[in-house]
Amino acid sequence: MKAQDIKNALKTRGLSLIDFDDLYGFNVNSTSECLRTGRPTVEKRLSEFLDIPLCELFPDRYYLDGIRKYPRDKMPYTPKNNTGATAKIGQST
């Protein structure tokens, strides 16, 4: 489904995107971000709330069996400049 179709489905149930965020305790704009870039937790809640399978809501993100095509595993944080330097602010290394 397109993002506008999902918004309209929520609207027919009396909710805006922000109302949906509040209902499930998501951060503000989580549902909006989900429609643009994807957020698996929000996608699953939308699917349950609208009673539409994930593969129909987000066919580009989910297979027919409900498995995500491109898993978004949480990767450990790695600084961009991982040189191991431990200099304090204002000191040069």
Hey, if we sort 30, 16 by accessible area with the 1.4 Å probe, largest down, what's the order?
-> 16, 30
Roughly what would the spin-label model give for residue 8 and residue 28, points 7 Å off Cα along C-beta, in nm?
-> 2.9
For residue 62, other-chain or 5+-apart residues with amide H closer than 5 Å (H placed, Pro excluded) are 69
Give a quick list of trypsin sites (Lys or Arg not before Pro) in the range 1-67 that DSSP marks as loop, anything other than H, G, I, E or B, with at most 12 other Cβ atoms within 10 Å.
-> 2, 13
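The values are calculated or read from the model by the stated rules, or taken from the named source; none is laboratory data. All figures in this text were calculated on a predicted structure; none of them were measured in a lab. Every residue, glycine among them, receives a Cβ derived from its backbone with ideal geometry; neighbour counts consider all protein chains shown. Each accessible area value is taken on the protein alone, full model and side chains, heavy atoms only, with ligands, DNA and RNA left out. Shrake-Rupley method; radii C 1.70, N 1.55, O 1.52, S 1.80 Å.
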